[in-house]
Amino acid sequence: MLILLPVYFLAAVLISAWLFFPALRTTTLRGIRACLHGLRRGVARSTERAGGRVGGLLGGVAGGVAAAGKGVGSFMNRHRWQTGLVVLVVSLPTFFAFLMRHNHTFVYETDLRNPNVQIEALLAGERLVPPPPLPPEAFTTAEVVMVRPNIVTASRKWELLDADFTQRLLLVYQIMRDQYGYEMVLIEGYRSPERQQELLDKDGPVVTNAGAWQSYHQYGLAADNAFLRDGKIVISEKDPWALRGYQLYGEVAERVGLTWGGHWKFADYGHVEFHKPGVKLGQPPPQK
């Protein structure tokens, strides 16, 4: 493709000059006539001397080309400023194309529905419904208990979560399922101050670094989530499939206005929370 750039440049310069400068047209036509005249003389001369046919022909053509070149050169010398302006204007697209030759960006739309549009639809009245609860034994498998030993007694009642946060989280579930093929499950939502303090005292950083009223769980504005694969809960990010899911989950959660725990110093990949205006950690919410 780069070979075509000089050809385009030369053709654009010649065409532009031909269109904008009548004097150049006259000079060019004069040169063409001289070339044709030389060609005719060469042909006539070749009939007189068969051995000089090629020489006469080439001589005529060379003479015509030389006359045309002399005319063009004379014109450019007389109109150097106009010629320079034409060259500059015509060369700009070529120069820009050369600079951008390695900067092609292709954007592929992977989802027919823009999350921002979906959020607007939610605020306009569309309400997503939580998935049906899993049976209690789904949370007692060896893999689940090994990662989250206290998850069996955790609350998974969607009605205890903030309504706005619930809709945003369910939107994350929907996008993860429809766009990426990951089925998600709530493993813990609302957490009482007593349970929060108990988890800190018992498990520490393994589960949480926050004490009572220091987590958005107490306000119904946080949730821990995992994935379902073949009907079984997968929590550990050591599973490559789950790790990829958590990365996508974090991106989607942030797109809908949630904060993802995967960016924290002690990463909590399944955790998301909603920093709702007016809610301050450390202060119990007002009684309704």
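Here are the numbers for the structure shown:
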read-out: Candidate aspartates and glutamates for bridging to Lys202, where Cα separation is under 16 Å - those fewer than 8 sequence places away on the same chain excluded; value: Glu194
read-out: Karplus-derived 3J(HN,Hα), 6.51/-1.76/1.60, for each residue of segment 188-195, Hz, glycine and proline x; value: 7, x, 4, 9, 5, x, 5, 5
read-out: Net length gained if the chain between Lys276 and Glu137 were fully extended (0.36 nm per residue, minus Cα distance); value: 46.7 nm
read-out: Built amide H within the under 5 Å cut-off of Arg229, gap 5+; value: Val234
read-out: Leu36 paired with Arg127, simple spin-label distance in nm, labels 7 Å along Cα-to-beta-carbon; value: 8.6 nm
read-out: Under 15 Å from Lys276, Cα to Cα: aspartates and glutamates that are on another chain or at least 8 residues apart; value: Asp162, Asp164, Glu254
read-out: Estimated vicinal HN-Hα couplings, Hz - segment 166-183 in sequence order (Karplus 6.51, -1.76, 1.60; Gly, Pro = x); value: 4, 5, 5, 5, 5, 5, 4, 4, 5, 5, 4, 6, 6, 8, 10, x, 9, 8
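FYI, it's all coordinate maths here, none of it is from the lab. Given the structure is predicted, the values throughout are model-derived calculations rather than measurements. A quick note on method: Cβ atoms are made from the backbone with ideal geometry, for glycine too, and the neighbour counts reach across all protein chains shown.
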